[in-house]
1. If Lys55 passes every condition in (1) farther than 30 Å from Leu95 by Cβ; (2) without any contact (Cβ under 8 Å) to a residue 24 or more places away in the chain; (3) out of contact with any strand residue (DSSP E or B) (no Cβ under 9 Å at 6 or more places or on another chain) but one, which one does it miss?
2. Would you check which residues across region 46-65 are under 30 Å from Ser23 (Cβ atoms), modelled with pLDDT of 75 or more and of a type in the set (S, T, N, Q) and list them?
3. What's the total number of residues in region 1-54 that are assigned to a helix (DSSP H, G or I) and among the polar types (S, T, N, Q)?
4. Which of the residues that make up region 38-65 are touching a Leu at 6+ places or on another chain (Cβ under 7 Å) and either basic (Lys, Arg) or exposed (fewer than 10 other Cβ atoms within 10 Å of the Cβ) (or both)?
5. Hey, could you check region 59-98 for residues that are acidic (Asp, Glu) and over 9 Å from the mean Cα position of the chain (by Cα) and say which is nearest to Tyr28 (Cα to Cα)?
6. Keeping to region 61-94, report how many residues are aliphatic (A, V, I, L, M), in a helix (DSSP H, G or I) and free of Cβ contacts under 8 Å to residues at least 24 places away in the same chain.
7. Do we find that Lys68 is among the basic types (Lys, Arg) and either surrounded by 15 or more Cβ atoms within 10 Å (Cβ to Cβ) or modelled with pLDDT under 80 (or both) in this structure?
Amino acid sequence: MPNFASLQFWGTVLNFAGGALLSYDPIYARKRVVADSGVKFFLGVAQRLKLKNLKTESGEALNDSNIKKATAERSEKLARYGFLVMTAGFLFDLLGKS
């Protein structure tokens, strides 16, 4: 039975969690592309209907470049969190072995 108080155990848990965060983005890339194409289709329909003042959740004008920007920001955030969690896991693992 693992010792739940050991730094090595928590280092391993954090390494696994960081790897899972880093894996999430590539695994669901196809879904994100489909969702982005749905938003692009909606933008096309909105332009044909001459709808104006469409905005994103952050208040920016809704257009093709903002869709790509939002997708890239989400990927960047997941990568940053995954890296931080894995770094903490490696640190705990090193401290537990010393």
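The values are calculated or read from the model by the stated rules, or taken from the named source; none is laboratory data. Everything quoted here is computed from the prediction, not taken from an experiment. Using ideal geometry, Cβ is built from the backbone for each residue, glycine included, and neighbour counts are taken over all protein chains shown.
1. That leaves (3) as the condition not met.
2. Ser65
3. Here is the first cut: in region 1-54, the ones assigned to a helix (DSSP H, G or I) are 7-27, 29-48.
From the residues that got through so far, the ones that are among the polar types (S, T, N, Q) too are 8, 12, 15, 23, 37, 47.
So the count comes out to 6.
4. Lys55
5. So the first thing to find is which residues in region 59-98 are acidic (Asp, Glu), and the list is 60, 64, 73, 76, 93.
So of that shortlist, the ones also over 9 Å from the mean Cα position of the chain (by Cα) come out as 60, 64, 93.
Working: Glu60: 25, Asp64: 20, Asp93: 30 Å.
Result: Asp64.
6. Keep residues of region 61-94 that are aliphatic (A, V, I, L, M), which gives 61-62, 67, 70, 72, 78-79, 84-86, 88, 91, 94.
From what is left, the residues that are in a helix (DSSP H, G or I) are 67, 70, 72, 78-79, 84-86, 88, 91, 94.
In the following step, the residues that additionally are free of Cβ contacts under 8 Å to residues at least 24 places away in the same chain were identified as 70, 72.
Here the count works out to 2.
7. Details: among the basic types (Lys, Arg): yes; either surrounded by 15 or more Cβ atoms within 10 Å (Cβ to Cβ) or modelled with pLDDT under 80 (or both): yes.
Yes, satisfied.
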